[in-house]
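Report on the following structure.
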Amino acid sequence: MALKTQIANFHFDNCLMNGSGIYCSERESLAKIDQSAAGTFITKTATLEKRLGNPKPRYFKFQIGSINSFGLPNLGIDYYLDALADFQAKNPEKTYFLSVAEMSAEKIYQVLKIVQASDFPGLIELNLSCPNIAGKGQLAYDFDSTDRLLGEIFTWFNKPLGIKLPPYFDPSHFDQMAEIINKYPLVFVNAINSIGNGLVIQGQKTAIKPQHGLGGLGGSIAKPTALANVHAWFTRLRPDIAIIGTGGVSSGQDAFEHILCGASMVQVATALGHQGPDIFARISQKLESIMADYGYHDISDFRGKLQYR
Ligand code: DOR
């Protein structure tokens, strides 16, 4: 069980899983991840009501990455809670992730109150970093609002909660955000969401339609930023806050690097979308062989042990 891992008291046989948004919008896709080598799955970010998302084309793949502006299309919180209850009934020992978001603090409280009142026993990821909603900034770039939001949530929310963060690019921002995160009983942070508001051009036109072509960048180009963010959180956050590493993972080496930077769990997003759920078995096998080459038996043997030149 070389790839087994843990977040708070929740155990996983494999540290790999999907990133929210990929293969997780409806039951059929979730079932494919559930049956793959992945340790678990996370749902598409759920909002109070069903959303159709942004106009198409809203996704484009290029040589070294992807750009998306889906705009949180999803089937609504009730759908995902029902689906999770069914998966849970079939796999009582497995821990699943539910992703949620909303467009205002009041609505975030509402969606979390629905989750709190439900029987969902797994981990909840609050997405504070969707870059693709016109007129709404990424909440986690507003430090004071994030602090107020978490302060309010933790006066009543008592299920295991983590947050999905956008990439940060300056040490002072990591310092400020770490100070906020460390005040709250969060069980994980997930770094990173896509790199927001990139622009990809095809011929003379934007590759995607929403917001004059702006969208979140993922895939290989995101990896160096993702690794820097994972390492920044690993070195700044309380040791009981697990880090989920997301960004640019398509190989065993990519997953190895995320864990070296401090990730306890590694999510695969863009590459999963292109290669399908068999990618988990391929990455697992390669990761295990890299670990064997270094003489590591368990991911805790090298997690966070990045060496500096
Ligand atoms: O890149 C992203 N796209 N990140 C999110 O959090 C949401 C998603 C979307 O639906 O636009």
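Name the residues whose placed amide hydrogens come within less than 5 Å of the amide hydrogen of Glu49, ignoring near sequence neighbours (fewer than 5 apart) on the same chain.
Ile77
In this model, which of Lys164/Lys223; Lys107/Lys159; Lys44/Lys113; Lys56/Lys164; Lys32/Lys164 are farther than 20 Å apart at the alpha-carbon? Intermediate results must be reported in sequence, preceding the final value.
Values: Lys164/Lys223 16 Å; Lys107/Lys159 18 Å; Lys44/Lys113 18 Å; Lys56/Lys164 25 Å; Lys32/Lys164 23 Å.
Going by Cα-Cα distance, Lys56/Lys164; Lys32/Lys164 fall outside the 20 Å limit.
In the neighborhood of Cys130, defined by Cβ-to-Cβ distances under 14 Å, what is the net charge if each Lys or Arg adds +1 and each Asp or Glu adds -1?
Residues close to Cys130 contribute a combined charge of +3.
Please list, or write none, the aspartates and glutamates whose alpha carbon is within less than 15 Å of the alpha carbon of Lys4, excluding same-chain residues fewer than 8 places away.
Within reach: Asp13, Glu93, Glu288, Asp298, Asp301.
Treating cross-link reach as a plain straight distance, find the aspartates and glutamates whose alpha-carbon is under 16 Å from the alpha-carbon of Lys209, omitting any fewer than eight places away in the same chain.
Filter leaves no residues.
Scan around Val268 for amide H atoms under 5 Å from its own, H built in the peptide plane at 1.01 Å from N, and keep only partners 5 or more places away or cross-chain.
Excluding prolines and chain starts, which carry no amide H, the hits are Met17, Asn18, Gly19.
In whole percent, what relative contact order does region 79-196 give with Cα contacts below 8 Å and a gap of six or more residues?
Here the relative contact order equals 24 percent.
Probe of 1.4 angstrom, ligands and nucleic acids ignored: what's the accessible area per residue over the chain, in square angstrom?
Working: 13510 Å² over 309 residues.
Accessible area per residue: 44 Å².
At a 10 angstrom cut-off on C-beta neighbours, averaged per residue, how do the peptides 71-84, 121-134, 48-61 rank from highest to lowest?
121-134, 71-84, 48-61
Under a 5 Å amide H to amide H cut-off, with H placed in plane at 1.01 Å, what residues pair with Lys164 once short-range neighbours are removed?
Leu126, Asn127, Leu128, Asn190
Can you compute the helix-only [θ] at 222 nm over the chain? Use -39500 (n - 2.57) per DSSP H run of at least 4 residues, normalise by all residues, nearest 500 deg cm²/dmol. Numbers along the way, then the final one.
Values: 9 runs with 103 residues, N = 309.
Helix contribution divided over all residues of the chain: -10000 deg cm²/dmol.
State, as an integer percentage, the relative contact order of the chain based on alpha-carbon contacts under 8 Å between residues 6 or more apart.
Averaging sequence separation for qualifying contacts and normalising by length gives 20 percent for the chain.
Give me the percent of accessible area attributable to carbon and sulfur for the chain, probe 1.4 angstrom.
51 percent
The values are calculated or read from the model by the stated rules, or taken from the named source; none is laboratory data. Everything numeric in this text was worked out from a predicted model, so none of it was measured. Cβ sites come from the backbone with ideal geometry, for glycine too, and all protein chains shown count toward neighbours. Accessible surface areas use protein heavy atoms only, side chains included; no ligands, DNA or RNA. Shrake-Rupley method; radii C 1.70, N 1.55, O 1.52, S 1.80 Å.
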